[in-house]
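Take a look at the structure below.
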Amino acid sequence: MTTSITIRKRTFDVSDPCSVAENLKLVRLQIVAGGQAEVIRFGDDEVRYSRANLEALEREIERYEGACAVSRGNGRRRRFAKRIRFI
């Protein structure tokens, strides 16, 4: 099973969540800056579009950042125990 992936001519190891998070942030920056937009021209008409799903990309960045934090030993707690206080 391969553990490397190539996105926008960058190859990185998906078994390292910190590396994946950093590379996905770079992809997001390229998309936001218009680096992934396609331009189609029909005579004098021009259309720009992008097939990027920024919401899904943001979710993946958060997921890999969480995995990175856990692998470094400083992960955030997502669930907490309930407490009961009697007054």
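Selection of region 23-62 for residues being part of a helix (DSSP H, G or I) and over 8 Å from the mean Cα position of the chain (by Cα) yields LEU26, LEU29, GLN30, ILE31, VAL32, LEU54, GLU55. The residue pairs whose first member lies in region 29-58 and is farther than 23 Å from ILE7 by Cβ and of a type outside the set (A, V, I, L, M), whose second member is modelled with pLDDT under 75 and open to solvent by less than 60 Å² (accessible area, probe 1.4 Å), and whose beta carbons are closer than 6 Å, counting only pairs six or more residues apart or on different chains, do not exist in this structure.
Report yes if VAL70 is modelled with pLDDT of 80 or more, in a helix (DSSP H, G or I) and over 15 Å from the mean Cα position of the chain (by Cα), otherwise no. The answer is yes for VAL70. Go through region 38-59 residue by residue and tally those that are surrounded by 10 or more Cβ atoms within 10 Å (Cβ to Cβ) and within 11 Å of ARG28 (Cα to Cα). Here the count works out to 5. Scanning region 10-66 for residues that are acidic (Asp, Glu) and at pLDDT below 85 turns up ASP13, GLU38, ASP44, ASP45, GLU46.
The values are calculated or read from the model by the stated rules, or taken from the named source; none is laboratory data. Keep in mind it's a predicted model, so treat the numbers as computed, not measured. A quick note on method: Cβ atoms are made from the backbone with ideal geometry, for glycine too, and the neighbour counts reach across all protein chains shown. Keep in mind that these areas ignore ligands, DNA and RNA; they rest on the heavy atoms of the full protein, side chains included. Shrake-Rupley method; radii C 1.70, N 1.55, O 1.52, S 1.80 Å.
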